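To start, the structure itself, in structure tokens.
The values are calculated or read from the model by the stated rules, or taken from the named source; none is laboratory data. Just so we're clear, the structure is a prediction, and the values are computed from it rather than from any experiment. No Cβ is skipped: glycine too gets one built from the backbone with ideal geometry, and neighbour counts run over all protein chains shown.
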Amino acid sequence: MGDNMKDVEDWKGINGQLVSFKNEVEDAQKITFIGSPGVCTPFAELLAYAVRDKESHFIPLLDADDCHEFESKSYGMVLKDEVSNPEGSDVVVLLGGLSMPKYDLNTGDLNALIKDILKSGGKIIGVCFMDMFTKANWLDKVDFDCIIDGTLTGVVKK
């Protein structure tokens, strides 16, 4: 599993994250993001925008029956109203919010969902901040091919 992962590339800023993501999914045609509703959705929109030439879907938590496809509009990516089918995805992207303790997500159920929607030979990519998947002890529970992890620091100026 992913517990033997090593740092292979450094990046900075949102653009660096998007370029790293785009490089990791360059051969994919269909991508499904799985994340917490609300918090992860805008991050999935941003990542889907970076690869807007590909078919992208979003599943809130483990509710595949509430999966929706992203659509590119002049102002950005939006989720279509109609429910979509994530099966046959080349890449499943797990967003860090899934690993938040408040969701108490069962990784066995998550792995079963991934198996149902991921094409044979597909990739599992984690996208998070502040090393969330490591802190949640998911590296030995989910077979990540890659994790794109960012560290946030900031300042408020007045």
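Observations
- Just one residue in the set 38, 16, 121 is at pLDDT below 95 and either assigned to a strand (DSSP E or B) or under 12 Å from the mean Cα position of the chain (by Cα) (or both); that residue is 121.
- Close Cβ contacts (under 6 Å, 6 or more residues apart or on different chains) running from residues in the range 82-98 that are without any contact (Cβ under 8 Å) to a residue 40 or more places away in the chain to residues that are crowded, with 24+ Cβ neighbours inside 10 Å comprise 84/57.
- Unique residue being in contact with a helix residue (DSSP H, G or I) (Cβ under 6 Å, 6 or more places away or on another chain), over 17 Å from residue 146 (Cβ atoms) and of a type in the set (Val, Ile, Thr) when the list is 78, 39: 39
- Residue in the range 147-156 that is of a type in the set (D, E, K, R), out of contact with any helix residue (DSSP H, G or I) (no Cβ under 6 Å at 6 or more places or on another chain) and under 28 Å from residue 27 (Cβ atoms) present: yes
- Which listed residue, of 105, 94, 47, is surrounded by 13 or more Cβ atoms within 10 Å (Cβ to Cβ) and assigned to a loop (DSSP other than H, G, I, E, B): 105
- When residues in the range 126-141 are screened for being out of contact with any helix residue (DSSP H, G or I) (no Cβ under 6 Å at 6 or more places or on another chain) and either among the β-branched types (Val, Ile, Thr) or within 17 Å of residue 6 (Cβ to Cβ) (or both), 3 of them pass.
- Output for the range 65-90, where each listed residue is assigned to a loop (DSSP other than H, G, I, E, B) and under 15 Å from residue 54 (Cα atoms): 84, 85, 86, 87, 88
- For the range 50-64, filtered to residues that are more than 12 Å from the chain's Cα centre (by Cα) and assigned to a loop (DSSP other than H, G, I, E, B), the residue that is surrounded by the fewest Cβ atoms within 10 Å (Cβ to Cβ) is 53.
- Residue, surrounded by the fewest Cβ atoms within 10 Å (Cβ to Cβ), within the range 73-84, restricted to residues that are in contact with an Asp or Glu (Cβ under 9 Å, 6 or more places away or on another chain) and modelled with pLDDT of 95 or more: 82
- Residues in the range 34-62 that are in contact with a Ser or Thr (Cβ under 7 Å, 6 or more places away or on another chain) and within 15 Å of residue 118 (Cβ to Cβ): 57, 59.
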